[in-house]
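So the structure is just underneath, and the comments pick up after that.
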Amino acid sequence: MNGIVDALDALEIPTLLLGAADTLDESYEQIETLGEATGNTEEAAEVVADVQDRIAAAVDSVPDSTRGMSVYHELDPSFYSATSDTFVGSVYTLFGLENVADGAADTAGGYPQLSAEYIVGQAPELVVLADTVCCGQTAESLAQRPAFDTVPAVKEDRVLEADDAVASRWGPRVADFAEALAAELRG
């Protein structure tokens, strides 16, 4: 990490470096590891239980009719997305959604760059914009892209404008994302 860990070691400052979680279970394990490392094992277990309960409640609150609905998750306006093999993709799987990025020719380690033509052709029934803060994307700007006004999600106003910091983090805020997704799916 650009010499930071070595510098902290030289100062005898303990360092814990955790990679990005790929699944919800890995995120729970990391929360528990942080709890152990900081002497807050019980509190970490409570956080994990709260996140799990909130996600389960969000999933249970959604009608069965949304299962199988197709979703496009946009990371930026150049059409980078996330497949079901990613952390955020695993959240969609819990809701029974079909991720349009899964069918990309090259899934690029779970984060393919799709084309506008591909996305429009997949006709997603739900679009999640995870680029509202970084890139100023909105349901309105999405609808103004060529041919996107034909996409079912746009026509039916099923575009979730998610906060980037909530839709892209694997910590406790994933419960906030699941709740926002559930609210969108409930209409």
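Give me the percent relative contact order of segment 4-60, please, defined on Cα pairs under 8 angstrom at least 6 residues apart.
19 percent.
For Rg and Dmax of the Cα atoms in Å, several values are listed as (i) 16.6, 51; (ii) 15.8, 48; (iii) 18.2, 59; flag the one computed from this structure.
Only one option fits the structure, namely (iii).
Averaging sequence separations of C-alpha pairs under 8 Å and six or more residues apart, then dividing by the length of the chain, give the relative contact order as a whole percent.
22 percent
Quick check: the angle from helix 174-186's long axis to the longest principal axis of the chain, C-alpha only, nearest 10 degrees?
20 degrees
Loop only per DSSP, at most 11 neighbouring Cβ atoms within 10 Å: give me the GluC sites (Glu not before Pro) in segment 1-72, ordered by residue number.
Glu12
Once the Cα atoms of helix 24-37 and of the chain are each reduced to a long axis, what angle between those two axes, in degrees from 0 to 90 to the nearest 10, is obtained?
20 degrees
Explain nothing, just the number: dipole magnitude of segment 1-40 about its Cα centre with +1 on each Lys and Arg Cβ and -1 on each Asp and Glu Cβ, in debye rounded to the nearest 20.
The dipole magnitude comes to about 160 debye.
May I ask for the distance between the Cα centers of segment 1-76 and segment 134-185, given as a whole number of Å?
With segment 1-76 and segment 134-185 each reduced to a Cα centre, they are spaced 21 Å.
Given the DSSP H assignment, sum -39500 (n - 2.57) over each helix run of at least 4 residues in the chain and divide by its residue total; what's the result at 222 nm in deg cm²/dmol, nearest 500?
Calculated mean residue ellipticity at 222 nm is -12500 deg cm²/dmol.
Taken together, the values in this text are just the output of simple stated rules run on the coordinates, not laboratory data. All figures in this text were calculated on a predicted structure; none of them were measured in a lab. Don't worry about glycine lacking a Cβ; one is built from the backbone with ideal geometry, like all the others, and counts go over all protein chains shown.
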